[in-house]
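Written out below as structure tokens is the structure these notes cover.
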């Protein structure tokens, strides 16, 4: 470690926030860009599975709530791209990497939303898992990221409650509605567990990220916490978690549960999820189709600027 | 009249059929091309308003019947383009004129199909009016046209019965269904009357066409006949024809009825019908999007031909 | 009173169907800021729908809620103008349709704040704040895109021509319009024309776009005769309520 | 018996949903002959649907007609493979999807003619004449387009890649498939693979197309886990039956 690196690490250890113009190790910057960028991309791509039900939301109230949620997510994307920009990478560069497949977004969004209860399950489980990941990141060492997380977490927990409320209505509804709720839980349970990433023993960058306080807890810790939180919620709904091995472990004071099928995780990561092509394809199409729009706004701004300048008499 | 023209007219007067390779006046040929071409285009464009309900047909049986009908219509288009080709104009030339707006199709297809009863009304009224026009044309002087008409009329009257059957089910159905049936009749009544064209006194080419037996009856005759046939059918359905002036005229032995609003007719003709842009747009898009397909089939045919030729040893 | 219900349905169906169309863009717009703005516009419109249809059901007195009206009527019972149900087309077309509607919506709500019916005035007072922002935004974008690149200019002019013949319906009165106007509940539709023209002409001029000369007016929506598009909108929108009647969501 | 009903639903839902997709082309295809051919294919498939679902309802014994099954089940109750619900794409993609399905459909129906259940054998005997023609036609067009222009070749290769990972589901067996196979009602799904491979390899070779190497298999349709597209298909298809329950058409 160079003296600079040591000083940096000591600041992190003391719990100081690192701010944009301050010195930071190149690896720290790169890891942050990857992590914040992926998170931003996830917010954007995450609009799609929920957007799939906006036109079919069952009541005006539910439609409004879902629209507000999707709007929030786009807003989160915006904060996060801004946070990433403080590290010297532009939003367009990050998007280019998303579109060319060089950067990822959360694999969970490669699963389809097939019935209305899925919108509940996404809020309850997916946002729930996301919050579990994000709450500790409010204390992350990088200032802009930490501040973005504080703002985001507040909204996300609101979304999670709304999702749980949908599940509640469905679980207490007609037999068909309850079946949809159970079906949604069946399909989203393991993918939600995968959201915490592979077991720490298989996770490459974990140790360094934790030292830098870019990562606060291990994947397995968070996954356990998520299970412990979610099981009683499912019980309360009267729904069954699709895991025959799920059982309370008195000794450890937490639930035992089955690992997700990691081969599925790697399949989805490799592009073979149910919706990978559709999701990325939709984003690339939106971007390409919108090129004329973005070009026109730039052109107009230049014209307006030129007009402004020529309106000011040259100071001779 | 030249001697040739006189001889031609005498043949027509005797009821002889004119066949493709035989001499005919240029005006006869041109009028026929226009008339047959417009009829062919109408069959093709006519697929669209009905196609609009194929994916939403209320039973499998109705869906199958509608598919069969649309298939028949495309088939009619095919016969008619072939009949036109015997006059020395290719299908592609005719389509080019359709796409560029130089040739018309029946204005009735510029009206939307808004509920399922419209599919009944199209069969009952639109096909009904078409048959009224077409039955006499089975005796038209041009052989290929006459033969196409014989074939087409048989199928059309089948379609008309199917349409009337839909109306019957709707009129005898729930109050909502009956309301749809009445709504369909309200919207399709006057446009159907317009299908016979403006009153003969305003019709330019009529006299010559009748002499040539390209047109057999006057527009007003056919319109009257249509009204007289349709009113009792509407009565039987328990539906009200949207014309307060409709009344049986004992003296003349036929119905008195209101003229359609001819300004609407000319508006639609001028491109301002409810669906003009959509209908023609859909056809042009289908044609343009399909260019690669047609090109590929030609290219393959050439390759296959070349291979066939090179496989035969040259006869030296 | 029937005329008042009719009027409220027209207001609520306009916002419902336009909100639906706008929401179709979710996640597909050209830049993130537009995703946010469009979701926000749709959200406002759906919120207004709840108010207009809620009041319509209340006055009608047949125990129909805003949801009943939105989800259990078929196309022929819908009262929105044809303009709002037209397909989105490209993003420029969506913005042009929005601008042409916003300009009307704003003059309409301005007048409705003085409605003789306080319930109507109250909704209008709430909605106009949102709609003022919609108009500001859509007008600004129409100007920037009209006076942007050659391509954007061409697209916006084409969108203008495409939508133009659907704007006239906003100003055509029928008996029901006359009745609510006479009762002082709502302005006569054609009384809004001058205000609309002023806004539209000003924006089009700044946008370097040419106001179309065509005077043909497509209409029918206000009396339930729609385009073929509405049926497909409703098939999606109403699926769950139709497939699971009586369920609570 | 439950397995037999399941099997019949799978057959009928495949033809229903593919017939729906094909019928979407009505009036929009590249040449008139294709409009005719596609309407004809859709018509055959809908006719077969009536037979398969009719028999499924009969054997199920709960008084559900073919129409009840087609119009009153939601997506999770549908049993078609994912391949048939995929969007049409360009005309080449529609043809490629059709060919890949036809090739399977033909070997399946060939085997079903020897079903131990005479009702199944009878439907298969009727359907195979139609399907033989579908296959002849789609194979011919795949060859001509694959070996056509550079552009058509590129499009067809892309369509092949896009659809490829959805073909594997046709050959994967679950308990229900095993049960009907053991009862001699239907062939084991994987027993059809060799016949399908032979046809597909031959046609692709003539079409100068490269068989994709990917082995990933998208599945779920046969147990009711579909793509997001099916919900939209059903919203349209079922609208009238859902909106006007109990009406006669």
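Taking the stretch D:84-99, which residues are outside any loop (DSSP other than H, G, I, E, B) and out of contact with any helix residue (DSSP H, G or I) (no Cβ under 6 Å at 6 or more places or on another chain)?
Going through the stretch D:84-99, the residues outside any loop (DSSP other than H, G, I, E, B) turn out to be D:84-85, D:91-99.
Across the stretch D:84-99, the qualifying residue is only D:94.
If you go through the stretch A:250-268, how many residues are touching a helix residue (DSSP H, G or I) at 6+ places or on another chain (Cβ under 6 Å), under 21 Å from residue D:227 (Cα atoms) and more than 11 Å from chain D (Cβ to nearest Cβ)? It would help to see each step written out before you state the result.
Initial filter on the stretch A:250-268 (touching a helix residue (DSSP H, G or I) at 6+ places or on another chain (Cβ under 6 Å)): A:254-255, A:257, A:260, A:265, A:268.
Now narrow it down to the ones that are under 21 Å from residue D:227 (Cα atoms): A:265, A:268.
Then keep just the ones that are more than 11 Å from chain D (Cβ to nearest Cβ); that gives A:265.
Number of matching residues: 1.
So is residue A:272 over 24 Å from the mean Cα position of the chain (by Cα), over 30 Å from residue C:155 (Cβ atoms) and either surrounded by 19 or more Cβ atoms within 10 Å (Cβ to Cβ) or away from chain C (no Cβ under 14 Å) (or both) or not?
Numbers: over 24 Å from the mean Cα position of the chain (by Cα): no; over 30 Å from residue C:155 (Cβ atoms): yes; either surrounded by 19 or more Cβ atoms within 10 Å (Cβ to Cβ) or away from chain C (no Cβ under 14 Å) (or both): yes.
In short, no.
Identify all residues within the stretch C:133-143 that are surrounded by fewer than 23 Cβ atoms within 10 Å (Cβ to Cβ) and more than 12 Å from residue C:106 (Cα to Cα); write none if there are none.
C:137, C:140, C:143
Going by the conditions given, is residue C:98 within 18 Å of the chain's Cα centre (by Cα), in contact (Cβ under 8 Å) with a residue 24 or more places away in the chain and under 20 Å from residue C:200 (Cβ atoms)? Spell out how you get there, then give the answer.
Working: within 18 Å of the chain's Cα centre (by Cα): yes; in contact (Cβ under 8 Å) with a residue 24 or more places away in the chain: yes; under 20 Å from residue C:200 (Cβ atoms): yes.
So residue C:98 fits the description; yes.
If we only count helices (runs of 4 or more DSSP H) wholly inside the stretch D:144-249, which ones have 1 or more residues that are within 14 Å of another protein chain (Cβ to nearest Cβ) and either touching a residue at least 12 places away in the same chain (Cβ under 8 Å) or more than 30 Å from residue B:171 (Cα to Cα) (or both)?
Numbers: elements: D:150-164, D:175-182, D:193-206, D:229-237, D:239-243.
Per the criteria, D:150-164, D:193-206, D:229-237, D:239-243.
When you scan the stretch C:1-77 for helices (runs of 4 or more DSSP H) that lie fully inside it, which ones turn up with 3 or more residues that are out of contact with any helix residue (DSSP H, G or I) (no Cβ under 7 Å at 6 or more places or on another chain)?
Answer list for the stretch C:1-77: C:32-60.
Take the stretch C:17-43 and flag every residue that is within 7 Å of another protein chain (Cβ to nearest Cβ) and in contact (Cβ under 8 Å) with a residue 40 or more places away in the chain.
If we filter the stretch C:17-43 for residues that are within 7 Å of another protein chain (Cβ to nearest Cβ), which is where we start, we get C:20, C:23-24, C:26-32, C:35-36, C:39-40, C:42-43.
Of everything in the stretch C:17-43, those that are within 7 Å of another protein chain (Cβ to nearest Cβ) and in contact (Cβ under 8 Å) with a residue 40 or more places away in the chain turn out to be C:20, C:24, C:29, C:30.
Being loosely packed, with under 15 Cβ neighbours inside 10 Å and within 8 Å of another protein chain (Cβ to nearest Cβ) narrows it down to one of A:247, A:291, A:286, A:296, so name that one.
Working: A:247 fails: within 8 Å of another protein chain (Cβ to nearest Cβ); A:286 fails: loosely packed, with under 15 Cβ neighbours inside 10 Å; A:296 fails: loosely packed, with under 15 Cβ neighbours inside 10 Å.
Going through A:247, A:291, A:286, A:296 in turn, the sole match is A:291.
Here, each number is a calculation from the coordinates, and none is a lab measurement. Every value quoted in this text rests on a predicted model; they were computed, and no experiment measured them. Cβ atoms come from the backbone with ideal geometry, glycine included; neighbour counts cover every protein chain shown.
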